[in-house]
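Structure record follows, encoded as structure tokens.
The values are calculated or read from the model by the stated rules, or taken from the named source; none is laboratory data. Everything numeric here is computed off the predicted structure, so don't read it as measured data. A quick note on method: Cβ atoms are made from the backbone with ideal geometry, for glycine too, and the neighbour counts reach across all protein chains shown. When the accessible area is computed, the model is the full protein with side chains, heavy atoms only, and any ligands, DNA or RNA have been set aside. Shrake-Rupley method; radii C 1.70, N 1.55, O 1.52, S 1.80 Å.
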Amino acid sequence: MLTPLMLLKSSFTPIFLVQTAKSKPQKLLHHAFTKTFFTYSTPPVRHNACLNLSTPPPASSAYIHLPFCRKRCHYCDFPVVALGSASTQTHHDPRVSNYIHWLCREITATKVDQPASTTPLQTVYFGGGTPSLVPPAMVSSVLETLRVKFGLCEDAEISMEMDPGTFDAEKMREMVALGVNRVSLGVQAFQEELLRSCGRAHGVQEVHEAISVVKSCGVENWSIDLIASLPHQSWEMWEESLRLTIESQPSHVSVYDLQIEQGTKFGRLYSPGEFPMPSETQSAEFYKMASRMLSDANYNHYEISSYCKSGYECKHNFIYWKNEPFYAFGLGSASFVGGLRFSRPRKVNDYISFVQNLENGLVDSSGDGNIHVKDTAMDVVMLSLRTAQGLDLKSFQESFGSSVVLSLLEAYKPYVDSGLVVCLDEHRRTIIVDDLNSSFLYKTNTEKRVAYIRLSDPEGFLLSNELIALAFGVIDSWKDCPQYQEAKAT
């Protein structure tokens, strides 16, 4: 599942990743649908804003990082705390209780411009790590702290990442009673040998038991996470994982391509595209198979890595994709409030010091609404083109002007011709290539005729890095950008 740990990392890790100056990402076909965005350096803060360039709206979502795992998976570079393979009962583990204590203190110390009753939280996402290792009583204390500080809508979407083997029916029912109404189940694969080779702490039997528990406890909104392009993963294995996922009937499926990260065990053992890792062509075929099989099973491919039954899109992740503000709390997490993306420390002792400084008024994780227009435009394009909805050109033009919209359309014209980019009118009807070419030829208000642009599924999504980088180049050379004009005037 995408988290703000992905948005601000040096990839799209817990959307905590802060994207700074957008240099052209590597041309990595099989990374077009990874759990991370692109690779940038990660400063602790960066100013930008959502699509509304006047006053950023108040945040109404919160990401909570619960970093505890039984063991670190071989591909994982998230900020986690490994408790030990046998650790499933954490009620008396001081590492867990102490972290929850400081987490609640961070929430309480966070500056809020609006009273809790004005903008209550509409979504809460518990990511990790393995949040299902945390005792329900401690989850309850976090939710109560959020409720007191920000307010919490009665129908708020409250999501929790849960791993097989870390919860039973009793714990699941307790979480549901607390308000958890969406579960993201970290299955990753249905083959024992792949789970072992990834360093996962669960086996296939625990996968089936977890699925049974989730369904028996009446959780209707639940997701299965799968990873493609694992070492030694075959076409037949991937087809089996997709088939068993579909047979399990989750309301949502997330499909991530393995990203080899430096500093991980996989990073020491493997190189992308070299055996036993799949080639770029094989990874692309895995992606196409997922798109085809899940679409045939009536799952809507609504974002590069995400599929759902009608009405079961992840509301929390839409906050990220719409570039709207959100709070984030806990180790390594990154918030986006007041136009400021702010990353927290990744080590526990550093995080505790951060919370103490926050309480003493020595640090502020919220921005003042200052806007960096080019960065904002790049973020909007990148996030929007990850989705089937695509980029709303009318809203984009209202915020950034018609010249940059026309430049984007001109840059994408060859890819419209080749079918990688799709242009839609205001009724979301596809504009045929001949009509679009005629508009360009006679310069007949092309930017007004085209209301949306989106990447085609699956071919355009597979080349999303390259296509989004093209937009970055257009925006980077944007001469009538308000900030550019101000700088020129001075």
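Please list, ordered by residue number, the helices (runs of 4 or more DSSP H) wholly in the range 275-368 having 3 or more residues that are open to solvent by less than 10 Å² (accessible area, probe 1.4 Å).
Helices (runs of 4 or more DSSP H) meeting the threshold: 280-296, 315-321.
Could you give me the residue pairs with C-beta distances under 7 Å whose first residue belongs to the range 467-488 and is modelled with pLDDT under 80, whose second residue is open to solvent by 40 Å² or more (accessible area, probe 1.4 Å) and assigned to a helix (DSSP H, G or I) wherever it lies, and which are 6+ apart or on separate chains?
What qualifies is Asp480/Ser403; Cys481/Lys374; Gln483/Lys374.
Looking at Lys374, Lys309, which is the one that is out of contact with any Gly (no Cβ under 9 Å at 6 or more places or on another chain), of a type in the set (Lys, Arg) and under 27 Å from Leu152 (Cβ atoms)?
It is Lys309.
Please state which one of Val214, Val187 is part of a helix (DSSP H, G or I) and without any contact (Cβ under 8 Å) to a residue 60 or more places away in the chain.
Val214
Name the residues in the range 217-238 that are of a type in the set (Val, Ile, Thr) and either open to solvent by less than 10 Å² (accessible area, probe 1.4 Å) or part of a loop (DSSP other than H, G, I, E, B) (or both), would you?
If the condition is that a residue be of a type in the set (Val, Ile, Thr) and either open to solvent by less than 10 Å² (accessible area, probe 1.4 Å) or part of a loop (DSSP other than H, G, I, E, B) (or both), then Val219, Ile224 are the ones that fit.
Tell me whether the range 240-261 contains one or more residues that are farther than 29 Å from Ala169 by Cα, among the hydrophobic types (A, V, I, L, M, F, W, C) and open to solvent by 70 Å² or more (accessible area, probe 1.4 Å).
no
Is it the case, given these coordinates, that Thr108 is not in a helix (DSSP H, G or I) and not hydrophobic (A, V, I, L, M, F, W, C)?
No: the conditions fail for Thr108.
What are the residues in the range 153-171 that are out of contact with any strand residue (DSSP E or B) (no Cβ under 8 Å at 6 or more places or on another chain) and buried (at least 17 other Cβ atoms within 10 Å of the Cβ), if any?
Scanning the range 153-171 gives Gly165, Thr166, Phe167, Lys171.
Please determine, by comparing only the residues of the range 192-211 that are in contact with a His (Cβ under 8 Å, 6 or more places away or on another chain) and surrounded by fewer than 19 Cβ atoms within 10 Å (Cβ to Cβ), which one is farthest from Tyr75 (Cα to Cα).
Glu193
For the range 179-188, check the following and say yes or no: at least one residue is surrounded by fewer than 20 Cβ atoms within 10 Å (Cβ to Cβ) and closer than 23 Å to Gly330 by Cα.
yes
Determine which single condition Val337 fails, assuming it passes every other condition in (1) of a type in the set (Val, Ile, Thr); (2) in the same structural domain as Leu244 (by the TED database); (3) farther than 30 Å from Arg196 by Cβ.
Result: Val337 passes all but (2).
Of the residues that sit in the range 60-86 and are polar (S, T, N, Q) and in contact with a strand residue (DSSP E or B) (Cβ under 8 Å, 6 or more places away or on another chain), which one is surrounded by the most Cβ atoms within 10 Å (Cβ to Cβ)?
Selected residue: Ser61.
Residues in the range 408-428 that are open to solvent by 50 Å² or more (accessible area, probe 1.4 Å) and under 21 Å from Asn323 (Cβ atoms): how many?
Residues in the range 408-428 being open to solvent by 50 Å² or more (accessible area, probe 1.4 Å) and under 21 Å from Asn323 (Cβ atoms): 1 in total.
Give the residue, chosen from Arg105, Arg95, that is touching a Phe, Trp or Tyr at 6+ places or on another chain (Cβ under 9 Å) and open to solvent by 10 Å² or more (accessible area, probe 1.4 Å).
The unique qualifying residue is Arg95.
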